[in-house]
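The values are calculated or read from the model by the stated rules, or taken from the named source; none is laboratory data. Here the structure is a predicted model, which means the values were calculated and not measured. In this analysis, Cβ positions are derived from the backbone assuming ideal geometry, glycine residues included, and neighbour counts consider all displayed protein chains. Surface accessibility is based on the protein's heavy atoms, side chains included, excluding ligands, DNA and RNA. Shrake-Rupley method; radii C 1.70, N 1.55, O 1.52, S 1.80 Å.
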Amino acid sequence: MIFPKFNNIEKIDKIRSKYDPLSDLVRPHITLVFPFKSEITTEKLSERIIKSVAGISPFEIKLGGFSTQQDRFGNYLFLNVINGTEQLKKLNWNLYDGKLPFPYTPHMTVGKFKTVEQLENAYMDVQKCTEIFTTVVDTVSVEEIGEHGESIIELEILLG
């Protein structure tokens with residue numbers, strides 16, 4: 001995953017604290033590889049990621065605007081990536097060795113809801129946030145999900 005370092009991240013934190021049940025467990029992030037169980041050692045995982053990100057230099061991303069997604073996993077509110085999408089897709093592609101389990105659209109999840117009505121209400125609420133969030137991505141992080149759902153950073157790999 002990527003943990004962006006926005007100057008105005010407190011605006012995202014405020015939205016997430018209202019709508020994202022994981023806001024107290026993991027910082028705002030962009031997922032590159034979805035959670036999986038593995039017995040791979042940290043050393044082997046590090047080698048694998050270093051190989052996957054080789055040749056990818058730090059790049060700028062911009063996030064702004066919101067969208068919704070409803071699927072078998074739930075009802076989600078996303079902060080959209082508006083610049084840097086292709087680089088994020090390349091990272092995702094490389095990390096999955098080109099064997100993507102489903103189409104990847106880079107985004108930051110800022111809410112998850114039990115009902116479509118809750119999702120629609122939250123979507124209407126966040127429309128007043130017209131902030132643009134800009135930063136340079138220079139690190140890919142590996143998170144382990146702890147016993148209580150907390151985020152434990154296992155690795156950080158620098159780009160470039």
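Only residues that are closer than 16 Å to Val26 by Cβ and part of a loop (DSSP other than H, G, I, E, B): list them for region 118-160, please.
Gly146, Glu147, His148, Gly149, Glu150
If I go through region 29-48 residue by residue, how many of them are among the small types (Gly, Ala, Ser) and open to solvent by less than 30 Å² (accessible area, probe 1.4 Å)?
1
Can you tell me which residue in region 93-134 is least open to solvent (accessible area, probe 1.4 Å), limited to those that are closer than 17 Å to Leu32 by Cα and β-branched (Val, Ile, Thr)?
Out of the qualifying residues, it is Val110.
Would you mind listing the helices (runs of 4 or more DSSP H) fully within region 1-108 where at least 1 residues are of a type in the set (Gly, Ala, Ser) and more than 25 Å from Leu158 (Cβ to Cβ)?
By residue number, 9-19.
Within region 96-127, which residues are modelled with pLDDT under 95 and over 14 Å from the mean Cα position of the chain (by Cα)?
Within region 96-127, Tyr96, Asp97, Gly98, Lys99, Leu100, Pro101, Phe102, Pro103 meet the criteria.
Which residue pairs have Cβ atoms closer than 8 Å, lie 6 or more positions apart in sequence or on different chains, and pair a first residue in region 27-43 that is hydroxyl-bearing (Ser, Thr, Tyr) with a second residue that is part of a helix (DSSP H, G or I)?
The qualifying pairs are Ser38/Leu45.
Looking for something among the acidic types (Asp, Glu) and surrounded by 11 or more Cβ atoms within 10 Å (Cβ to Cβ) - is there at least one such residue anywhere in region 49-70?
yes
So which pairs qualify, if the first residue must be in region 46-65 and under 30 Å from Ile15 (Cβ atoms), the second must be among the hydroxyl-bearing types (Ser, Thr, Tyr) and open to solvent by 30 Å² or more (accessible area, probe 1.4 Å), the Cβ gap must be under 7 Å, and the two must be at least 6 apart or on different chains?
Qualifying pairs under 7 Å: Glu60/Thr134; Lys62/Thr134.
Could you list, ordered by first residue, the pairs with Cβ atoms under 7 Å in which the first is in region 1-25 and more than 27 Å from Phe36 (Cβ to Cβ) and the second is open to solvent by 40 Å² or more (accessible area, probe 1.4 Å) and assigned to a loop (DSSP other than H, G, I, E, B), at least 6 apart or interchain?
Asn8/Glu131; Lys11/Glu131
Six or more apart or on different chains, Cβ atoms under 7 Å: show the pairs whose first residue is in region 122-148 and under 29 Å from Glu86 (Cβ atoms) and touching a residue at least 60 places away in the same chain (Cβ under 8 Å) and whose second is among the hydroxyl-bearing types (Ser, Thr, Tyr) and not in a strand (DSSP E or B).
Listed pairs, sorted by first residue: Ala122/Tyr19.
Which residue is farthest from the chain's Cα centre (by Cα), if the candidates are limited to region 128-150 and must be closer than 18 Å to Lys11 by Cα and hydroxyl-bearing (Ser, Thr, Tyr)?
Filtering first and then ranking leaves Thr130.
Could you figure out which of (1) under 29 Å from Val53 (Cβ atoms); (2) among the β-branched types (Val, Ile, Thr); (3) modelled with pLDDT of 95 or more isn't true of Val142?
Status for Val142: all satisfied but (3).
What's the number of the only condition in (1) out of contact with any Pro (no Cβ under 7 Å at 6 or more places or on another chain); (2) open to solvent by less than 70 Å² (accessible area, probe 1.4 Å); (3) not β-branched (Val, Ile, Thr) that Glu147 fails to meet?
(2)
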